[in-house]
Amino acid sequence: MVFGPAGPPSPEFEAFAQQFLGSSQTGLELVIEFVLAVAPGLLQPLMAPDATGVDFYQILLPGSLDLQRANVWRTRSKPGRIILKGSLQVAADETIEPADFLIHVTDALDLDVTVTVAGSSCTLKRNGAMICQDAAKTYRVRFTPVRKTPGLYRLDATLRGLDITAPQAGPVTVELNDGFTLRKGTAADCRVNAARLACRG
């Protein structure tokens, strides 16, 4: 077994990885070098540039996002808009609290929309729901707890004032990134007409 009984920290793995990479690194540095060499697609979605510069990265923890609907209206007589519906799960003893986060929406072609939601635009309701809306009303995001399932929240988001041009094609992928957790969901059952791209998960 290449990893040895102790897994990646074992001498067997270290010898194998050094030979495979032609590297003299050891320990954690060797593990990182090996993973980046053989499986860049595994870590890339979980990494984000650190604010201190492009050479530093923080690992983002993966999280669940069940994207149930994604409707993308193109810019015509009015600016484009995106409406998202889904759900996400946090730990049963955790709650969603106001904090900055990003919403990133892409499709199979050129749709690439990123909206920054400021934590200062979010308010908590008595029922535990959190609603985020900026003064210009370019976004409105609501997280509503599902009482029968601890840690489960319904997501409803509307993004407005967008420049969205044709063509679009499914699937639609949505990422929520608060700097600590990257949640990613896809809706792949899609229909396209002259006005919009409509997808269901």
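Read-outs throughout are calculated quantities, based only on the coordinates presented, and are distinct from any laboratory measurement. Here the structure is a predicted model, which means the values were calculated and not measured. Cβ: placed from backbone, ideal geometry, glycine included. Neighbour counts: every protein chain shown.
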Check: What's the local net charge at THR26, with K and R +1, D and E -1, over the other residues with C-beta under 15 Å away?
Finding: -4
Notebook entry, point to check: What is the gain in length, in nm to one decimal, between GLU94 and THR149 on full extension, counting 0.36 nm per residue of separation less the C-alpha to C-alpha distance?
Noted result: 18.6 nm
Item checked: Sites matching trypsin sites (Lys or Arg not before Pro) across region 132-181 that sit in DSSP coil, with at most 14 neighbouring C-beta atoms within 10 Å -> LYS137, ARG147, LYS148
Notebook entry, point to check: Fewest first, what order do ASP107, ASP189, ASP93 take by the number of other Cβ atoms within 10 Å?
Noted result: ASP93, ASP189, ASP107
Next item on the list: Please give every one of the lysines within straight-line cross-link reach of LYS125, meaning a C-alpha to C-alpha distance under 24 Å, and leave out same-chain neighbours fewer than 8 residues apart.
Entry: LYS85, LYS137, LYS148
Next item on the list: Could you give me the percent of Cα pairs per 5 Å distance bin for region 62-200, shortest bin first, beginning at zero and ending with the bin that holds the maximum distance?
Entry: 2, 10, 20, 23, 20, 13, 7, 3, 1, 0
